[in-house]
Amino acid sequence: MSNCILITGGSGYIGSHTIIELFNKGFEVVSVDNQSNSSINAYESVKKITGKEVKNYTIDLCDLNATREVFKNHQFTGIIHFAAYKAVGESVEEPLKYYHNNIASLVNILALSKEFGVKNLIFSSSCSVYGNVEKLPVDENTPLPKAESPYAYTKQIGEVMIQDFCKVNQEFNAIALRYFNPVGAHPSGLNGESPINKPNNLVPIRTGVAIGKMAQLTVYGGDYPTRDGTCVRDYIHVSDIANAHVLAMGYLIHQKNSSNYDVFNLGTGNGVSVLEAIYAFEKVSGQKLNYKIGPRREGDVIAVYSDSAKVFKALNWQCEHDIESMMDTAWKWEKSMANS
Ligand code: UD1
């Protein structure tokens, strides 16, 4: 059997870290990325860390014929589908952009899996499918409410599409992984988050302020009903997320799954407030961060953190990085970008 995995969005943040872990475990990898929000340089970083070259196709997955050529050229054992637009605010402004890209690409991936007999899929979902939850920590049995943003809705729809596809294609196996807040960078300092577009997530903004790329960090809201008034999230190191993908793919390939569709939360289980994350960053970097408390950001949920018991047990997975290690590696990466 081939051990070649198709990674969509392989030059992106989580995609590139997952390629590193797949290479470390002896898998072959082919990546497809349209480079809409990531740089081809990520493959150079992967090569520096692993010594291995990524075979890449710069293709838009919404282009069915172009994507079919990739499937013709390789025999895939599995697919890890990362490629998607992911800015919550932008999705509110430009919903059709999100519906078109995130849904059409998944339709094509599923259709081509069937056409070429690829049997295993891991799908990047998100904790944003839970919206504002009543009971924390949140587990996979929590009913999903109406989505808070078009981005979150594309993740809900994606999960349902895969589930429906699995029902009528019993030989096909899929897992949706609901990520909480991926942060940090490869401990080597050679790979990390480097979006082409303006960053809108907390940690790249924070390291960007600390290095001087941006003047100040605005904390979105200091009057939430949380322990210090700021939103609470479950930050998780990107390499821990990447490892979970390798384990999930192995779980499907070795047929350890009892049902052909399943969903797992990927979070550490620890809720950390925006201010606590800032203090952790200040501690590891030795820098005072220039921040102010500003108004709330539309679409933000108040608090969300994971009950990850299901994934810890099924995949025998554990998180190796705590919040300080997440901040430390993110800071190391920001400094290495500044020096390059
Ligand atoms: C959201 C989704 C997550 C998704 C991600 C994609 C939820 C709960 N989570 O993450 O699943 O993968 O988008 O982008 O919907 N903050 C500031 N100042 C800033 C930036 C952020 O205070 O300049 C705060 C936010 O209010 C939030 C926290 O930092 O409380 C994290 O924000 P961010 O990194 O943007 O991620 P989420 O919006 O939580």
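No value in this document is a laboratory result; all are computed from the given coordinates. Note that the structure is a prediction, hence the values are computed from the model and not measured. All Cβ positions, glycine included, derive from the backbone under ideal geometry; neighbour counts span all protein chains shown.
Rounded to a whole number of µm²/s, how large is the Stokes-Einstein D of segment 28-94 at 37 °C and 0.692 mPa s, given Rh as the Kirkwood radius over C-alpha pairs? Please list the in-between numbers first.
Values: Rh = 13.7 Å.
Rounded to a whole number, D works out at 239 µm²/s.
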What angle, in degrees between 0 and 90 and rounded to the nearest 10, separates the Cα long axis of helix 64-73 from the longest principal axis of the Cα atoms of the chain? 70
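Any of Lys48/Lys288; Lys25/Lys283; Lys114/Lys167; Lys25/Lys52; Lys25/Lys119 with alpha carbons more than 22 Å apart? Name them for me.
Too far apart for the 22 Å limit: Lys48/Lys288; Lys25/Lys283.
Give the value in nm², to one decimal: projected area of the alpha carbon convex hull of segment 169-320, averaged over all directions.
11.2
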R0 of 51 Å, Cβ-Cβ distance Gln75-Lys283: FRET efficiency to nearest 0.05: 0.55
Over all pairs of distinct alpha carbons, what does the Kirkwood formula give as the hydrodynamic radius of segment 95-202, in Å? 15.9
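Please work out the FRET efficiency for the pair Lys47 and Lys135, using the Cβ-Cβ distance as r and a Förster radius of 51 Å; give the result to the nearest 0.05.
E between Lys47 and Lys135, to the nearest 0.05, is 0.70.
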How big is the chain by the Kirkwood estimate over distinct Cα pairs, in Å? 20.2
Here is the link list: Lys155/Lys335; Lys213/Lys332; Lys86/Lys213. Which ones come out longer than 26 Å on Cα distance? Lys155/Lys335
What list do you get for Asp300, Asp234 if you sort them by fewest beta carbons within 10 Å? Asp300, Asp234
Alpha carbon convex hull of segment 161-252, projected area averaged over orientations, nm²: 9.6
Pull up the cross-link candidates among the aspartates and glutamates for Lys135, meaning alpha carbon to alpha carbon under 13 Å and not fewer than 8 places away within one chain. Asp307
Excluding residues on the same chain fewer than 8 positions from Lys55, give the aspartates and glutamates whose Cα lies under 12 Å from its Cα. Glu28, Asp33, Glu44
In degrees between 0 and 90, to the nearest 10, how far off the longest principal axis of the chain does helix 238-253 point, with axes built from Cα atoms? 20
Given only helices, namely DSSP H runs of n ≥ 4 each adding -39500 (n - 2.57), what is the per-residue ellipticity at 222 nm of the chain, to the nearest 500 deg cm²/dmol? -12000 deg cm²/dmol
Find the centroid of the Cα atoms in segment 203-253 and in segment 187-202, then give the distance between the two in whole Å. 11
Top of Cys231, Cys127, Cys166 by mean-square fluctuation, Gaussian network on the chain, Cα under 10 Å: Cys166
Translational diffusion of segment 1-48, µm² s⁻¹ [Kirkwood Rh, Cα pairs; Stokes-Einstein; 25 °C; 0.890 mPa s]: 229
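If we count other beta carbons within 10 Å of each Cβ, what is the order of His245, His321, fewest first?
Exposure proxy ranking, most exposed first: His321, His245.
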Evaluate the charge dipole of the chain about its Cα centre and quote only its size in Debye, nearest 20, assuming +1 on the Cβ of each Lys and Arg and -1 on the Cβ of each Asp and Glu. 340
Taking a virtual spin label 7 Å from the Cα of Asn65 along the C-beta vector, which residues in segment 1-15 bring their backbone nitrogen under 14 Å of it? none
At a 10 Å Cβ-Cβ cut-off, how would you order Ser273, Ser259, fewest neighbours first? Ser259, Ser273
Segment 294-340: Rg to Rh, with Rh as the Kirkwood radius over Cα pairs: 1.15
Where both partners of a DSSP beta bridge lie in the chain, what percent of those bridges are antiparallel, to the nearest 5? 5
